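Nothing in this text is a laboratory measurement; each read-out follows from the coordinates by a stated rule. None of the values given here were measured: they were computed from a predicted structure. Note that each Cβ is placed from the backbone with ideal geometry, even for glycine, and that neighbours are counted across all protein chains shown.
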């Protein structure tokens with residue numbers, strides 16, 4: 001993001017932004033508040049275009065920053081994004097500790113002018129990615145809600161009947177388990193329903209695993225004869241929690257179908273999902289965070305951005321070694337980590353993971369190593385636009 005005549009930094013806000021524009025020498029061409037209004041945004045960009053090529057840089061490319069980004073593109077202005085962590089570090093290089101919109105906008109503009117390598121590109125005109133961002137953001141909210149509900153159900157079961165929690169708790173993403181809790185509540189209701197009725201319900205929703213689930217539940221019910229205080233209230237709460245969780249999981253399934261439909265139209269979606277361990281949601285997250293990967297010069301740059309590249313720490317002879325990175329893009333790091341975990345069913349990935357465990361690395365460390373290795377492959381796949389091609393481990 002070089003060779004521009006004007007660098008316009010926008011500290012975006014809900015109703016008003018603050019814009020600072022600098023030329024190549026650092027001279028201020030504009031400095032003032034800017035309403036979050038299309039007409040005023042167009043007027044600013046048109047005025048700055050008199051000085052030459054304009055680069056607009058925002059600190060938030062989505063939500064409250066979506067309109068400035070869209071208007072800038074419509075005016076033919078290139079758009080960049082300065083991540084929050086980079087901005088905080090760059091702010092330490094500027095005198096003063098005040099936290100104002102004007103200072104932040106100046107820091108953004110000056111970083112674009114003097115430190116272009118700190119910027120990230122905002123994918124131009126990719127409507128599919130904009131749609132994905134909204135859907136994936138909502139899916140993230142639903143995922144958090146499902147985790148909260150699962151933990152709440154397991155907590156209640158542990159309180160009133162630990163053996164039942166061990167039998168049914170790990171299977172709460174199963175429709176049969178949720179249906180049993182919805183219809184019969186806790187241990188009292190399940191025991192009253194009886195084996196035959198429970199089996200009929202469970203097999204209807206899980207033909208192969210339903211009978212085994214009921215056997216585990218009946219065995220768990222036999223392990224406890226006393227009734228713990230609070231059981232009656234839990235029996236009324238558990239069905240409601242199960243119904244809510246089932247609805248959240250249904251919404252996630254619907255969203256997954258919508259995401260898959262959008263991904264089918266994206267040229268790189270099939271490339272990413274061809275790799276073992278990368279499903280629809282993970283592919284969408286990678287595309288949202290890195291696009292086609294062209295901003296990153298090497299796989300190492302991508303790994304560093306994701307926070308999966310080891311960081312060397314050395315100070316004389318007292319501190320030596322490499323340690324996991326604490327920074328990076330947390331959402332991208334999570335996507336790489338989870339995809340590496342899912343890829344353990346792939347023979348080549350499993351062999352590499354086992355080799356790292358044999359070297360003495362713990363589970364998470366071995367997964368990070370696998371994620372780093374897969375990052376190189378993902379980088380090449382995005383660069384060449386070619387699907388995953390497995391190869392023997394010894395050839396890597």
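Below, the figures for the structure above:
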| item | result |
| --- | --- |
| Spread of Cα-to-Cα distances over 10 Å intervals beginning at zero, given as percent, for the stretch 146-221 | 21, 60, 19, 0 |
| Residue order, fewest to most surrounding Cβ atoms within 10 angstrom, among 339, 15, 182 | 15, 182, 339 |
| Using alpha-carbon coordinates, inclination of helix 127-160 to the longest axis of the chain, degrees | 40 |
| Computed helical MRE - 222 nm, the chain, DSSP H runs ≥ 4 contributing -39500 (n - 2.57), nearest 500 | -19000 deg cm²/dmol |
| Rounded D (µm²/s) - the chain, Kirkwood Rh over Cα pairs, Stokes-Einstein at 20 °C, 1.002 mPa s | 87 |
| Antiparallel DSSP beta bridges within the chain, percent to nearest 5 | 65 |
| Value of D in µm² per second that Stokes-Einstein yields for the stretch 132-261, Kirkwood Rh from Cα pairs, at 37 °C (0.692 mPa s) | 216 |
| Degrees between helix 175-184 axis and first principal axis of the chain (Cα, 0 to 90, nearest 10) | 60 |
| The chain: angle of helix 330-342 to the longest principal axis, Cα-based, in degrees nearest 10 | 40 |
